[in-house]
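Worksheet: one structure, shown below.
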Amino acid sequence: MATLSIKHDAVPLVSNTSLAGPLRRIAFPTSLSNSSEGALRWAIQITKASDADLLIFHVLPPPTPLFEAEPFEKQEAEIALSRLVAQVNATGVRAKASLLGGTDSIGKQIVRAASLEKIDLLVIGTRDRGRSFRLFIGSSVACNVVAHAQCPVLVIPYNPVKIVPPVLHS
């Protein structure tokens, strides 16, 4: 049984989850926005501590009847992903990126890609928009991923005031 001990804000969080094996492939789905920064820091730290590979996913929004994905959106996303992978690789983490697109929801595409890539852990950020938003608009991408992923999912809430990188202990 593997034990992962994470210390954050001087409060140790310990999970005695039985893993099928060591963490070898970790995925970080990103919106390429500032709200993903905290989750990226966690993904980098866990990837380093596990000596794993990091796969960074970005999903282009599904086309709607009125608007199709513009070629410049795809180009901008490819450029941003390339820059992000270079930054992550500079930290000593082995990272690569994958740009996903299709007609399914963003959450479904992340779950499918995680399954196809045999991901051991998903680290995803979320931005809490409040109870009324979820009630009227629906659940977030992170909630969808947690509900349907076949691997463990670590959800990191967005906190624009205080993003403290985790301290990992093995």
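The values are calculated or read from the model by the stated rules, or taken from the named source; none is laboratory data. This is a predicted model, so every value here is computed, not measured. All Cβ positions, even for glycine, are placed from backbone atoms using ideal geometry, and neighbour counts span all protein chains on display. Heavy atoms of the whole protein, side chains included, go into the accessibility calculation; ligands, DNA and RNA do not. Shrake-Rupley method; radii C 1.70, N 1.55, O 1.52, S 1.80 Å.
So Leu60 clears everything in (1) over 15 Å from Leu100 (Cβ atoms); (2) modelled with pLDDT of 80 or more except one condition, right? Which one?
Tallying (1) over 15 Å from Leu100 (Cβ atoms); (2) modelled with pLDDT of 80 or more, Leu60 fails exactly one: (1).
Can you give me the number of residues within the stretch 25-44 that are open to solvent by less than 20 Å² (accessible area, probe 1.4 Å) and of a type in the set (Gly, Ala, Ser)?
5
Leu84: open to solvent by 60 Å² or more (accessible area, probe 1.4 Å), at pLDDT 95 or above and aliphatic (A, V, I, L, M), yes or no? So that I can check it myself, show each step before the final result.
On the way: open to solvent by 60 Å² or more (accessible area, probe 1.4 Å): no; at pLDDT 95 or above: yes; aliphatic (A, V, I, L, M): yes.
When the stated conditions are applied, Leu84 does not pass them.
Kindly indicate the residue of the stretch 1-24 that is loosely packed, with under 15 Cβ neighbours inside 10 Å and at pLDDT 80 or above and also farthest from Ile110 (Cα to Cα) among those meeting that condition.
Step by step, filter the stretch 1-24, then rank; the result is Pro22.
Please determine whether any residue of the stretch 116-136 is among the acidic types (Asp, Glu), modelled with pLDDT of 90 or more and part of a helix (DSSP H, G or I). Please lay out each step first, then the result.
Looking only at the stretch 116-136, we keep the residues that are among the acidic types (Asp, Glu), and these are 117, 120, 128.
Those left that are additionally modelled with pLDDT of 90 or more: 117, 120.
Then keep just the ones that are part of a helix (DSSP H, G or I); that gives none.
Scanning the stretch 116-136 turns up no residue that is among the acidic types (Asp, Glu), modelled with pLDDT of 90 or more and part of a helix (DSSP H, G or I).
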